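First comes the structure, then the notes that go with it.
Just so you know, all these numbers are worked out from the coordinates, no wet-lab data involved. These numbers come from a predicted model, not from an experiment. All Cβ positions, glycine included, derive from the backbone under ideal geometry; neighbour counts span all protein chains shown.
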Amino acid sequence: MRLRRSDPGRPGYRRRRRGTGWLFLNPAGDPVRDPDELARLRALVVPPAWRDVWICPWPNGHIQATGVDAAGRKQYLYHPTWREKRDEAKFDHVLEVARRLPTLRARVGRDLDGRGLNRDRVLATVARLLDMGAFRVGNDQYAAGDDPTFGVSTLRPEHARTRRGCVIFEFPAKGGIEQVRLVEDPELCRVLTNLRRRRRGAERLFGYWDGQDWRDVRADEINGYLRDASGGEMTAKDFRTWHATVLAAIELAAAEPARSLTGRRRAVAGVMRGVAELLGNTPTVARTSYVDPRVVDLYHDGVVVTVDPGAPREKAELAVLELLEEA
């Protein structure tokens, strides 16, 4: 099916609650009667909690539906073909990011070697935390809600505590999942300890001294630092996607060989549970949104990454990168 670009600003189908179901209305406001069209609209499974729902009048529109969720955020449902093409581009982009990670990490190391709590040193601290794969960048809207959730840019001082030279993070992350993360990196611990001491009473944990005043770290500053330090387009989410992919590739390589399809599926499911634990997501989200599908496809074809279980992170990442570049 050839897709066409749809525009939610133009007239489309609407829905109205009727009993326990929905009445769908065409752009003219008349009820939709055609059985095939009704089947398409129902198959979209637009979440019941969405309001101000707009549904594309064409079955091949790249955006099939939009709505506003309970938190007031606009959400989108995309055509499966569009989503597949976008995912391919996303994972190809992440491979390009992986090639630039040595450059980024070298810059982060230099900035962390500095003194004080200036902008670059604090942003380097955040970048290294993100490079651990478990932290999200954070969102002001999520942090200010009735049930606030946090990412690295919105963490509060009470979400971090020091113990025996380490820092322990404990905070509710996206989805309400309680995250507990132990950071044993000496350089990070020094900066984090200083931040907790110098910013006592501040609403946000991460901030920097600009020479005159304290500035809270913003998510857009973090992504800007990542782009500048890596020398190309990059966002905080790329870390999570890459680390999820690497972990899945290594764990699948270490799994017991399975000759049957059922056995391989069982192995994949087990690996995705481990990846989900790292990310703080469900196994389904880990597989569909973070792990490069080529890793799973290659595993089913009997091709896995070749790397020693105790190999340094950089060596393991290079092996996974080479595997996917040859796929």
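Taking Arg161, Arg40, Arg199 as the candidate residues, the one with maximal mean-square fluctuation in a Gaussian network model of the chain, Cα springs under 10 Å, is Arg40.
How high is the FRET efficiency between Asp147 and Asn118 when r is their beta carbon distance and R₀ equals 56 Å, given to the nearest 0.05? The partial results should precede the final answer.
Working: r = 34 Å, r/R0 = 0.62.
It comes out at approximately 0.95.
Projected label points at Ala258 and Glu314, each 7 Å from Cα along the beta carbon direction, are separated by 3.5 nanometres. Relative to the longest principal axis of the Cα atoms of the chain, helix 236-254 runs at roughly 90 degrees. Applying a DSSP loop filter and a limit of 13 other Cβ atoms within 10 Å to the trypsin sites (Lys or Arg not before Pro) in segment 259-318 leaves Arg259. For the residues Arg190, Arg107, Arg73, a GNM of the chain with alpha-carbon springs under 10 Å puts the largest fluctuation on Arg73. For P(r) over Cα pairs in 20 Å bins from 0, in percent, the value calculated from this model appears in (1) 35, 60, 4; (2) 26, 51, 22, 1; (3) 32, 55, 13, 0 under label (2).
For segment 10-56, what relative contact order do you get, as a whole percent, if you take Cα pairs closer than 8 Å and at least 6 residues apart? If you can, show how the numbers build up before the last one.
Numbers: 41 pairs, mean separation 17.7, N = 47.
Here the relative contact order equals 38 percent.
Computed on the chain, with alpha-carbon pairs under 8 angstrom and 6+ residues apart, the relative contact order is 13 percent.
A Förster distance of 25 Å, applied to the separation of the beta-carbon atoms of Asp220 and Ala106, puts the FRET efficiency at 0.60.
For segment 237-325, the alpha carbon convex hull comes to 89 Å³ per residue, rounded to a whole number.
Cα centroid separation, segment 134-192 to segment 76-104: 26 Å. Over the chain, DSSP H runs of length four or greater, each weighted -39,500 (n - 2.57), average out per residue to a 222 nm ellipticity of -14000 deg cm²/dmol. Between Ala89 and Arg197, the contour length at 0.36 nm per residue exceeds the alpha carbon distance by 34.6 nm.
Per-residue 3J(HN,Hα) values for segment 127-132, derived from phi via the Karplus relation 6.51 cos²θ - 1.76 cosθ + 1.60 with θ = phi - 60°, read 4, 5, 4, 4, 5, 6 Hz in sequence order (x marks Gly and Pro).
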